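Some notes on the structure that comes next.
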Amino acid sequence: MKHPATHVRHREGGLALLLLLGVIGFGSMSILLAVENFLPPLAGRARRVEANLGTAAAAARTAFARNGAFPANLNALVTASGLPAAGAWRLDPYGAAQDLTYARTATGAQVRSRGPDQRLNTADDFVFAVPGEDLLRARQRARLRLLRALLLASPYRHATTMSPAEVTAMRDATRTIASARRTWREATDPERTALTTAITAAEDTIGDLRFLHGLLTMPTALTGAGGLMAALGRPDNLALDGSGRRLILDPSLGVIAIGWDRRGGTDDDM
């Protein structure tokens, strides 16, 4: 017999999934609150648990998308997401008027209900996990795209002597390297071999075009006087990644962002 907690966590057609998709698609916290109108006050506990956990998890996703970090506790989640502080969404149907448990974890955030035994951290708990890595990568990509677009229009990657075909080749080479970095994390060994070949060819294209048209050498610093940010016409306070950490100067892409592991030079860098 399938455990009820597993059923709640993984049922793809559940109300919580619809809520998550709604938030992702429309970015509106009002979609989360609609669950309280759909479920009558005496709705079965399992349905109410699924709805409340789904609302809290989606609020955590929204808070991360806005701020680049998961709130530290349930009250901070209220502030970051805009959910009502005293809303029924935060109550644990198995908790006798107690709140759901919310916490940040090594991989993201987690919301938990006590389950039928009304005790936390036991086998019958209902749990929704919110992985942080993919949310971070979405924020990283938006920031990196802007800075790399500015780089491609700068004297480090563009000259009036370049033909339209060469401008396109420079842009495509940059995109190839960026795409390879994004996909490297989940690539198989054969795929990484192909990605390495593609990166090398793209770097050669950039180097050849730089030499042919006498493009400027990239700055040796990201920020400060003479740094890349100043050269691109952007303030130094924008040299931050999706979670507020400093971007890293990169000779091919201009900047790269450290991934969820908070260490540079690893597979999840972008």
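Just to confirm my numbers, what's the Cα centroid distance between region 120-140 and region 65-107 in Å?
Using only Cα atoms, the two centres lie 13 Å from each other.
Just add up the charged neighbours of Gly82: K/R +1, D/E -1, any other residue whose Cβ is under 14 Å from the Cβ of Gly82. The partial results should precede the final answer.
Working: positive: Arg61, Arg66, Arg90; negative: none.
With Lys, Arg at +1 and Asp, Glu at -1, the neighbours total +3.
Per residue, what accessible area does region 155-270 have, given a 1.4 Å probe and all protein chains present, in Å²? Intermediate values should be presented prior to the final figure.
Numbers: 6160 Å² over 116 residues.
Per residue, region 155-270 has an accessible area of 53 Å².
Just the number, please: carbon plus sulfur as a percent of the accessible area of region 170-260, 1.4 Å probe, no ligands or DNA/RNA counted. Spell out each step's value before the answer.
Values: 2650 of 4700 Å².
That share works out to 56 percent.
Given the C-alpha atoms of region 185-270, compute the convex hull and give its volume per residue in Å³. Don't skip to the answer; put the middle values down first.
Values: hull volume 8.4 nm³, N = 86.
Dividing the Cα hull volume of region 185-270 by its residue count gives 98 Å³.
Testing the spin-label approximation: label points 7 Å from Cα along Cα→Cβ at Arg234 and Val167. State their distance in nm.
In this crude spin-label approximation the distance works out to 2.1 nm.
Taking amide H atoms as placed 1.01 Å from N in the peptide plane, list the residues 5 or more away in sequence, or in a different chain, whose amide H sits under 5 Å from that of Leu91.
The answer is Leu100.
Tell me, what does the Kirkwood hydrodynamic radius of region 170-235 come to in angstroms if you use every pair of distinct C-alpha atoms? The partial results should precede the final answer.
On the way: mean 1/r = 0.0733 Å⁻¹.
For region 170-235, inverting the mean 1/r across all distinct Cα pairs yields 13.6 Å.
For region 39-138, what is the accessible area per residue in Å² when the probe is 1.4 Å?
Details: 4290 Å² over 100 residues.
Per-residue value: 43 Å².
By its C-alpha gyration tensor, with a ≥ b ≥ c as the square roots of the eigenvalues, how is region 229-270 shaped: rounded for a/c under 1.5, else prolate for a/b larger than b/c, else oblate?
Values: a/c = 3.38, a/b = 1.57, b/c = 2.16.
It is oblate, given that a/c is not under 1.5 and a/b is not larger than b/c.
In debye, nearest 20, what is the charge dipole magnitude of region 78-153 about its Cα centre with +1 on Lys and Arg Cβ and -1 on Asp and Glu Cβ, if you could check?
Result for region 78-153 is approximately 640 debye, rounded to the nearest 20.
The values are calculated or read from the model by the stated rules, or taken from the named source; none is laboratory data. From a predicted model like this one, the values you see are computed outputs, not experimental measurements. Neighbour counts are summed over all protein chains in view; Cβ atoms, including those assigned to glycine, are modelled from backbone coordinates with ideal geometry. Protein only, heavy atoms only, side chains kept; ligands, DNA and RNA dropped before computing areas. Shrake-Rupley method; radii C 1.70, N 1.55, O 1.52, S 1.80 Å.
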